[in-house]
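Before any comments, here is the structure.
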Amino acid sequence: MARLPPDDLPPERGPTSEVDALVAAGPPGPDNPVTVGAVFWTAVTEPEGPDLTILDIVVTPESWPGWGGFRRAAALLPDYGMAHQATPSVDDPDVVYVRFLRDTGETHRAPSDAVLVGDIVIATLVRRPRLGGWRVHALGDYVRPEHVPHDR
């Protein structure tokens, strides 16, 4: 039986739980954008309302005035789950994108695995060493690296 070249093999099975996915993303903490994305989601979706103390730690100070008390994010994100990895910007290693996917209640996706408009929300994160690690800068659509504050 012939073996396929490594590039032609199907992807290995991913983590089996959200905890496994966070562990697979690397050591938890402010230097892991997946951890920061998860902390952001958790702080925004607190039952008593957004936890502003935690959000102050994981959000860029430059974007703080635009969040409006995080009411929009708090209304939106409970219907979404976080993807298990961050997607780096092709233009800037200090910018990554974390996807939040709408929970449709379905266990299987269409064969095309297509994501419909409105089924995905993007968090733009930026590495800010002077602030202690990764920070969420925006939620909604991709923000280009040149529109994100840096520690340069």
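Being crowded, with 19+ Cβ neighbours inside 10 Å, at pLDDT 95 or above and polar (S, T, N, Q) is a description that applies to T124. Can you pull out every residue in the range 61-98 that is within 17 Å of V36 (Cα to Cα), surrounded by fewer than 19 Cβ atoms within 10 Å (Cβ to Cβ) and among the β-branched types (V, I, T)? Once the filter is applied, which keeps residues that are within 17 Å of V36 (Cα to Cα), surrounded by fewer than 19 Cβ atoms within 10 Å (Cβ to Cβ) and among the β-branched types (V, I, T), the range 61-98 yields only T87. Scanning the range 58-85 for residues that are assigned to a strand (DSSP E or B), modelled with pLDDT under 95 and of a type in the set (A, V, I, L, M) returns M82, A83.
The values are calculated or read from the model by the stated rules, or taken from the named source; none is laboratory data. Source: prediction; values computed, not measured. Cβ atoms come from the backbone with ideal geometry, glycine included; neighbour counts cover every protein chain shown.
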